[in-house]
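Asks: My questions will all concern the structure given below.
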Amino acid sequence: MRRFRFAKVLVTFLIGVLLVQLLHACSADPQAAKKTRLTIATVNNGDMVVMQELSNRFTAENPDIELRWVVLEENILRQRTTTDIASEGGQFDVVTIGSYETPIWARRGWLKPLDSLPAEYDVDDLLDPIRTGLSNDGKLYALPFYGESSMLYYRSDLFEKAGITVPENPTYEQVGKWASQVHDPANGVYGICLRGKSGWGENMGFLSTLVNTYGGRWFDMDWQPTIDTPEWRKAISFYVDVMNDYGPPGASSNGFNENLALFSTGKCGMWIDATVAAGLLSNPDQSQVADRVAFARAPIETYPNGSNWLWSWALAIPETSQYPEAAQRFITWATSKEYVRLVAEKHGWIAAPPGTRTSTYTNPNYQQAAPFADIVLNSIKSADINHPASKPTPYKGVQYVDIPEFQAIGTQVGQRMAAALADRLSVEEAIERSQKVAQRFMRHTGYIE
């Protein structure tokens, strides 16, 4: 009887031990199964939407990570990410930034350096101008999702009907004449579409290249603003006149996405903007004029260099990210050769992210699908951020100035240029007020007295 009681106690004890272990195991599982949640801030461009759609492949291959997307309009994205990182808010684990912000933020210690990329990423495959633009002191601080310069898009059917032949390097004088020849608002076609929405990365992105090629610059070598010069007046007058005469209604509200929608639905005879639109306009799934869009280098005027910009939308990891290892896994995947192939598999080679990798441009499938590939590659390679203007500059950057203050100056000047386009200011008033705004910023920040 005592032996039986002992055995009963022993069994009860062992069951208890097993239950404790089982309970411990059960309580440990939720912790082990808890996923790392990456918050990604990105812009609402078409290629980024594709990335969001295809990211289920990444989460399938990385089941310990889940993604939370914050997709914003370009100007709002810049405000949100800059404010968050400057205040060490830590809202985002991955941010979408450009060639302008990357070296400035890197110098301020706001970004994680990307010096431990896996060999299979093949960092040497990245195009040199794009890679350089995302580096500081030789270290890479962001990985390019797509890269771009600028180019001229035009409707081949309308130009053929008007008897227009576009040379390899068109001029703005020719562009103005062509706009008058293909302008047909009665049938819903406007001669030319250009950015009008204010913002240093919106209308001033285009207008900076226009001023450059008309012989102007933002600052002289003493950092004095040079907006009230004949070169600026001539460039801005051309812009306002050609858009008033041959542009679509409400042009001061149109940025990249709005003009993309206008051109892809057949409402623009011409459009000068980012080369990344070439694939979107050539894709019959996204463009009603895919079989009628043609391409040329960005127009020039008196100074050829500086007419085509250099930009990259890239993915970076803020120093405030809680999960930098997981974030690097994601941005490495999203900018890899594997991702380029995945886009081609799902959407065709025409949709492959452009402007980042040599291997994309040497791929026969991409060359066949993208008749614009050579123009894009040559435009990117010829963009010279060190010599954007005919006269010397104390800054780098074609469509921006590589100082932190430019974000505010460019936005303020952009508002006055948008007002001139909307006829709320004359060109002369916009020029004079912009000069004063730029002088005030430069004085307050100590560049000039």
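Asks: Quick one: how many residues across the stretch 397-436 are on the phi > 0 side of the Ramachandran plot and surrounded by 16 or more Cβ atoms within 10 Å (Cβ to Cβ)? Spell out the reasoning first.
Replies: Of all residues in the stretch 397-436, those on the phi > 0 side of the Ramachandran plot come to 397, 423.
Checking the rest, the ones that are also surrounded by 16 or more Cβ atoms within 10 Å (Cβ to Cβ) come to 397.
Adding up the residues that qualify gives 1.
Asks: Follow-up. Restricting attention to the stretch 236-261, which residues are surrounded by 20 or more Cβ atoms within 10 Å (Cβ to Cβ) and of a type in the set (Phe, Trp, Tyr)?
Replies: Passing the criteria: 239, 246, 256.
Asks: Need the failing condition index for residue 264 against (1) farther than 26 Å from residue 385 by Cα; (2) open to solvent by 20 Å² or more (accessible area, probe 1.4 Å); (3) polar (S, T, N, Q); (4) at pLDDT 95 or above, just the number.
Replies: Among (1) farther than 26 Å from residue 385 by Cα; (2) open to solvent by 20 Å² or more (accessible area, probe 1.4 Å); (3) polar (S, T, N, Q); (4) at pLDDT 95 or above, residue 264 violates only (2).
Asks: Anything in the stretch 315-348 that is surrounded by fewer than 17 Cβ atoms within 10 Å (Cβ to Cβ) and either assigned to a strand (DSSP E or B) or touching a Ser or Thr at 6+ places or on another chain (Cβ under 7 Å) (or both)? List them, or say none.
Replies: 337
Asks: Are any residues in the stretch 353-362 in contact with a strand residue (DSSP E or B) (Cβ under 9 Å, 6 or more places away or on another chain) and crowded, with 18+ Cβ neighbours inside 10 Å, and if so, which ones?
Replies: Step one: filter the stretch 353-362 for residues in contact with a strand residue (DSSP E or B) (Cβ under 9 Å, 6 or more places away or on another chain), giving 353-358.
353, 354, 355, 356, 357, listed by residue number.
Asks: Same structure, new question: Against the definition (modelled with pLDDT of 95 or more, of a type outside the set (S, T, N, Q), farther than 21 Å from residue 382 by Cβ and not in a loop (DSSP other than H, G, I, E, B)), how does residue 238 come out, yes or no? Walk me through it before giving the result.
Replies: On the way: modelled with pLDDT of 95 or more: yes; of a type outside the set (S, T, N, Q): yes; farther than 21 Å from residue 382 by Cβ: yes; not in a loop (DSSP other than H, G, I, E, B): yes.
For residue 238, the condition - modelled with pLDDT of 95 or more, of a type outside the set (S, T, N, Q), farther than 21 Å from residue 382 by Cβ and not in a loop (DSSP other than H, G, I, E, B) - is met.
Asks: Identify the residue in the stretch 155-201 that is over 30 Å from residue 414 (Cβ atoms), of a type in the set (D, E, K, R) and assigned to a helix (DSSP H, G or I) and, among all such residues, is least open to solvent (accessible area, probe 1.4 Å).
Replies: 157
Per-residue answers, yes or no, for (1) within 18 Å of residue 205 (Cβ to Cβ); (2) among the basic types (Lys, Arg); (3) out of contact with any strand residue (DSSP E or B) (no Cβ under 7 Å at 6 or more places or on another chain); (4) in a loop (DSSP other than H, G, I, E, B):
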site	(1), (2), (3), (4)
54	no, no, yes, no
68	no, yes, no, no
75	yes, no, yes, no
104	yes, no, yes, no
120	no, no, yes, no
153	yes, no, no, no
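Asks: Looking at the stretch 211-224, can you tell me whether even one residue there is surrounded by fewer than 24 Cβ atoms within 10 Å (Cβ to Cβ), assigned to a loop (DSSP other than H, G, I, E, B) and of a type in the set (Phe, Trp, Tyr)? Walk me through it before giving the result.
Replies: Of the stretch 211-224, the ones surrounded by fewer than 24 Cβ atoms within 10 Å (Cβ to Cβ) are 215, 219-224.
Adding the requirement that they be assigned to a loop (DSSP other than H, G, I, E, B) leaves 215, 220-224.
Filter once more, so that each one left must be of a type in the set (Phe, Trp, Tyr): 223.
Scanning the stretch 211-224 turns up at least one residue that is surrounded by fewer than 24 Cβ atoms within 10 Å (Cβ to Cβ), assigned to a loop (DSSP other than H, G, I, E, B) and of a type in the set (Phe, Trp, Tyr).
The values are calculated or read from the model by the stated rules, or taken from the named source; none is laboratory data. Just so it is clear, the structure is predicted and the values come from calculations on it, not from any experiment. Here Cβ is always computed from backbone atoms with ideal geometry, including for glycine, and neighbour counts include all displayed protein chains. In case anyone asks, the SASA skips ligands and DNA or RNA and just uses the protein heavy atoms, side chains included. Shrake-Rupley method; radii C 1.70, N 1.55, O 1.52, S 1.80 Å.
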